[in-house]
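Okay, structure first, notes after.
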There are 4 protein chains.
Amino acid sequence: MANFKGHAVPGSFFLIVGLWWSVKYPLKYFHQKGKNHQLNHNYPRLEIIEAAVRTLFSVIGFLAEQFVPDGPHFHLYSEDQWIKMMNWQHSTMYLFFAASGITDMLTYLITHIPLGLDRLVMAVATFTEGFLFYYHVHNRPLLDQHIHSLLLFAVFAGALSLFLEVIIRDNILLELFRTSLTILQGTWFWQIGFVLFPPFGTPEWDQKDHENIMFITMCFCWHYLVALCIVVINYSFVYCLLTRLKRHRDGEIIGIQKLKSGNTYHTALLNGSDEE
Amino acid sequence: MANFKGHAVPGSFFLIVGLWWSVKYPLKYFHQKGKNHQLNHNYPRLEIIEAAVRTLFSVIGFLAEQFVPDGPHFHLYSEDQWIKMMNWQHSTMYLFFAASGITDMLTYLITHIPLGLDRLVMAVATFTEGFLFYYHVHNRPLLDQHIHSLLLFAVFAGALSLFLEVIIRDNILLELFRTSLTILQGTWFWQIGFVLFPPFGTPEWDQKDHENIMFITMCFCWHYLVALCIVVINYSFVYCLLTRLKRHRDGEIIGIQKLKSGNTYHTALLNGSDEE
Amino acid sequence: MANFKGHAVPGSFFLIVGLWWSVKYPLKYFHQKGKNHQLNHNYPRLEIIEAAVRTLFSVIGFLAEQFVPDGPHFHLYSEDQWIKMMNWQHSTMYLFFAASGITDMLTYLITHIPLGLDRLVMAVATFTEGFLFYYHVHNRPLLDQHIHSLLLFAVFAGALSLFLEVIIRDNILLELFRTSLTILQGTWFWQIGFVLFPPFGTPEWDQKDHENIMFITMCFCWHYLVALCIVVINYSFVYCLLTRLKRHRDGEIIGIQKLKSGNTYHTALLNGSDEE
Amino acid sequence: MANFKGHAVPGSFFLIVGLWWSVKYPLKYFHQKGKNHQLNHNYPRLEIIEAAVRTLFSVIGFLAEQFVPDGPHFHLYSEDQWIKMMNWQHSTMYLFFAASGITDMLTYLITHIPLGLDRLVMAVATFTEGFLFYYHVHNRPLLDQHIHSLLLFAVFAGALSLFLEVIIRDNILLELFRTSLTILQGTWFWQIGFVLFPPFGTPEWDQKDHENIMFITMCFCWHYLVALCIVVINYSFVYCLLTRLKRHRDGEIIGIQKLKSGNTYHTALLNGSDEE
């Protein structure tokens, strides 16, 4: 869908997923360190819900690309020519993300599926997105081509990071790196929409101006810096929240123990050392 | 052999090998987890047979390229020019896969050869295939070049995955990834045959149409999705089969033990915990 | 700042950092081997000071690019055109290095930040530098383009090495490799300044001469050889210094012990085995 | 030295080193497995001698490039132009290999140098060779450019493999892979000499013929297959030799022990289990 909406919709999807991950992974990380059994028990359920939502997003995207008024409506070929290749390619991208979502669900539902398959299929889905985009933007004006090719950096770096996670699982840094790249993809889709299809009647950008190219390149870096900051802020926010919750809970426990035995000093000491 | 058969034959070879691997690797994986000594004992024999068959395939391919009616019949140079370079290049590809097959056999037959050499030579063979293809398709029409260059993605990704297996051996995910890429190669060879040399009198494809390029790119992604599905289905199929076989066998053992001692409850419990 | 100073300033920054690292990393390495608790205790403080200095450097660079007489003074866009894109791009580079410096400080100050984030953000900063340079030098004369593109080898190799350090931390070889590349960057910035903006009234270089290109390519290799030598010399220098200091200190201890118990032979033996 | 000799000399150097490595690494591997203390004791001495010989080779190559009749004789610049850039670039390559040789010696002579530095500097030397070659062959005829660019595959694959060895040391497969690539480089230098400067008065090759390009590409693969075979044969040869030597020695020991105590059965058993 070569219009503002067609970039805003996937952009929002990636942004939501990215922001959720920037909360989920720190949460998982601190709970694993604190050996919190409650979350470790509920964690697979959380993953399954997330994967279901991602699958739903992808299916919605897939159907939207097919059934927009000028879409192909599942017709692929007629009268000696291919119908709406653009929409079909976008559909294919959504299809792979749906496959990735389903694999994620299966990995946590069925125990005999090896861990890491979820990351492998997600890496494949991300690579496919970049792969199709790469052949997608030939024969376009210079700025259009450049702004899409910048997206490929985020996409391929994400695919590489995911592929590394197949081998090095549960590394918080790789997970946060991927999260920041997902947020970058989200915001950059919005940026593409604003540049190529100005929504509020602002004048169009000169597609051949070299200065525009230079600004857009730099703007991409700024987007990533913002994405990194979001990840760091959410990470710290999760840490503070967990620490406060822990203190509150410990306070209650200590209070109860006070009533029981009066021996609080030793307990507080234990909790303190547990916290690090 | 620039015709339909010349693509169908290697395509079938890759497809057979890929399908076999999609059964073999899950089989090995579940037996290793279950510490099944019977298969672990017979496993080297299985590998040697497989390697022998692959070597045979490669030798057949090699000889076919040499002795087809318009082949070079082992003549390389005469009257100041090279003879049938195309066939010679294909022969070379088969030669490397034959070398890989022989190395596989030797690795399992001779104990002093370090494990991993089989994967290294297979990586080299796969890389060589891609390397020769890369220089192979210059000066061809656009679609011809594009459809072959897509094959290179499957080939080089396979070579990379194999090279990783030299260091990280017996990783089920890398093995399944390689398997899916091998199936992709197989089906894509068939697709190339159908597109460039339509076998059933269907009209030829317009080699310069950009829409054709776009469809073929997308079609490649669909092939890979199908390959992934085949791998997952065969993996699940093997799991179900092994579980059923195990229950059947355990049932017999339990029956025997019932006759012997009547103490069945404890045995069933043990088997149950073994199954996970 | 497209003049001699604009290359000498960042060159000096990189050179200072590189030289400092070529002392710091050997120091850390020998102390970790010797299990010297004094340095291990003070080490975080050292890192924080270094990161603060690097942040300061980056902020100075950032402000300099903005407030030089012909700089943008924080104006980005006016009268339908972008203002001083060159300076803005350089500012962006400095901004990322400032972010890297701040992350370094935070990593050592706040215990709940995972180790390795500092390297990840530094890798991102280095990659961004290369990324912006890559799109920076289009439409320039041949020699200008070539001399900047050589810089990219140092930059991207450094980014890759840093990314590896996220996973393989505290590997002295990766640290020394990165150090040598940082020194190379420093000296190469100076070289670019001397070639493109000869400071002492020497004649300008012919930008299209192929011989100049060949010399500059070779010159880049020489710079790296010199950088390697500097790293090796400083490494040896640190080793000798530490050994001498140790002997001196041990001598004192032995002297004291002689006075105390006369049992020196055993102590010297222990120190000797400690030294290896 | 753009003549037959100028390719035969470095080719011979690489070939000798490659052949020696194809004997050395299996020797080291089997001794490490057999925990043979005698070789493990003498091994550093062996490495130092090898490194000294390699340094000598490189210095000879360096001086030859400078002092051939039409060489630069250490003159770099005069009368406003660079002197003999070709020879200087070749000299630089030799210089890096000399640096690598010296580093190897130092790594084994001085204990405080971290293991792996030898591989890192060798990786850098190999990369530099490829780097200089890459910019070396612009503006040449098609076949000349192609035949040199094929060399780059061997060079860069070798550099990558060496870089991996920095992290994964003493992996026999990486060592054999590098060895095979070194032999390939050696034979390919000879091949370049034969193609571009036919020594025995054979007619010159048509530099623009596409068939020649195709043959040369394939020929490169054949060279590698031969290199692989050489490595495998030498590996097996070393194994057979060591096994025979061991049996001979064991026989003597057993004979001696027979005379001493008559209790031979137990000793033979121990030796047998040692052999695996």
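The values are calculated or read from the model by the stated rules, or taken from the named source; none is laboratory data. What you see is a predicted model; the values in this text were computed from it and never measured. Positions of Cβ are backbone-derived with ideal geometry, glycine not excepted, and every protein chain shown enters the neighbour counts. The protein model used for the area step is the full one, side chains on, heavy atoms only, and it has no ligands, DNA or RNA in it. Shrake-Rupley method; radii C 1.70, N 1.55, O 1.52, S 1.80 Å.
With a 1.4 angstrom probe, the accessible area lost at the A-B interface totals about 2700 Å².
Just to verify a number: FRET efficiency for C:Leu109 and A:Gln32, C-beta to C-beta distance, R0 = 25 Å, to 0.05? My answer for the efficiency is 0.60. Summing charges over neighbours of B:Pro141, with a neighbour being any other residue whose Cβ is under 13 Å away from its Cβ, gives -2 when K and R count +1 and D and E count -1. Taking every alpha-carbon pair in the protein assembly as shown and binning the separations at 10 Å intervals from zero gives 2, 8, 14, 20, 22, 18, 10, 4, 2, 0, 0 percent.
Taking all Cα pairs closer than 8 Å and separated by 6 or more residues, the relative contact order of the range C:6-151 comes to 19 percent.
In the protein assembly as shown, the portion of solvent-accessible area held by carbon and sulfur atoms comes to 66 percent [1.4 Å probe, whole percent, DNA, RNA and ligands not counted]. In terms of Cα atoms, the Rg and Dmax of the range D:197-241 work out to 16.5, 49 Å. Compared with its chain on its own, the range A:71-99 contains the following residues whose accessible area drops by 40 Å² or more in the full protein assembly (probe 1.4 Å; ligands, DNA and RNA excluded): A:Trp82, A:Met85, A:Gln89, A:Thr92, A:Phe96. Annotation: per residue accessible area for the range D:4-275 equals 47 Å², rounded to a whole number [probe 1.4 Å, protein chains only]. Counting Cβ atoms of other protein chains within 10 Å of each residue's Cβ and taking the mean over peptide C:159-169 gives 2. Inter-chain Cβ neighbour count for D:220-229, averaged per residue, equals 4 (cutoff 10 Å, partner chain atoms only). Positive contributions from Lys and Arg (+1) and negative ones from Asp and Glu (-1), summed over other residues with Cβ under 13 Å from the Cβ of D:Ala99, come out at -2.
Relative contact order for the range B:4-275: 26 percent, from Cα pairs under 8 Å spaced at least 6 residues apart, divided by residue count.
Under the criterion of Cα pairs below 8 Å and six or more residues apart, the relative contact order for the range B:94-208 equals 25 percent.
Within chain D, the longest run free of exposed loop sites, counting chymotrypsin sites (Phe, Trp or Tyr not before Pro) that sit outside DSSP helix and strand states (H, G, I, E, B) and have at most 13 other Cβ atoms within 10 Å, spans D:75-199. For the range D:8-133, the alpha-carbon coordinates run over 63, 32, 22 Å along the three principal axes, in decreasing order.
Lysine pairs in the range D:4-275 whose alpha-carbon atoms fall under 20 angstrom of each other, counting only those eight or more residues apart or on distinct chains, come to 8. About its Cα centre, the range B:4-275 has a charge dipole of approximately 1340 debye under the convention of +1 per Lys or Arg Cβ and -1 per Asp or Glu Cβ, with nothing else charged. A 1.4 Å probe, protein heavy atoms only, puts the accessible area of B:Leu120 near 10 Å². Our helix-only sum for chain A, with -39,500 (n - 2.57) per DSSP H run of n ≥ 4 divided by its residues, gives a mean residue ellipticity at 222 nm of -28500 deg cm²/dmol. Toward the positive end of the charge dipole of the range B:4-275, about the Cα centre and with charges on Cβ (Lys, Arg +1; Asp, Glu -1), which of B:Cys219, B:Pro114, B:Leu143 goes farthest? Checked the options; the winner is B:Pro114. Measuring max minus min along each principal axis, the C-alpha atoms of the range A:4-275 give extents of 84, 46, 33 Å (largest first).
Accessible-area rank, largest first, for B:Lys84, D:Lys28, D:Lys208: D:Lys208, B:Lys84, D:Lys28, with all protein chains present and a 1.4 angstrom probe.
Charges were assigned to the Cβ only: +1 to each Lys and Arg, -1 to each Asp and Glu. The resulting dipole of the protein assembly as shown about its Cα centre is roughly 4540 debye.
Along the axis of the charge dipole computed for the protein assembly as shown (Cβ charges of +1 for Lys and Arg, -1 for Asp and Glu, origin at the Cα centre), the listed residues D:Leu241, A:Ala159, D:Pro69 are led at the positive end by D:Leu241. Within the shell defined by Cβ-Cβ distances under 13 Å, the residues around D:Gln81 carry a net charge of -4, with Lys and Arg each +1 and Asp and Glu each -1. Residues in the range C:199-205 carry Karplus couplings, in order, of x, 9, x, 5, x, 6, 7 Hz; the curve used is 6.51 cos²θ - 1.76 cosθ + 1.60 with θ = phi - 60°, and Gly or Pro positions show x. Here is what passes the span test in chain A: the DSSP H helices with alpha carbon length of 30 Å or more along the helix axis and a Kyte-Doolittle mean of 1.0 or above are A:142-167, A:172-196. Find the centroid of the Cα atoms in the range A:22-100 and in the range D:94-161, then give the distance between the two in whole Å. Measuring centre to centre over Cα atoms gives 46 Å. Computed from the Kirkwood radius of its Cα pairs, the Stokes-Einstein diffusion coefficient for the range A:101-232 at 37 °C and 0.692 mPa s stands at 201 µm²/s.
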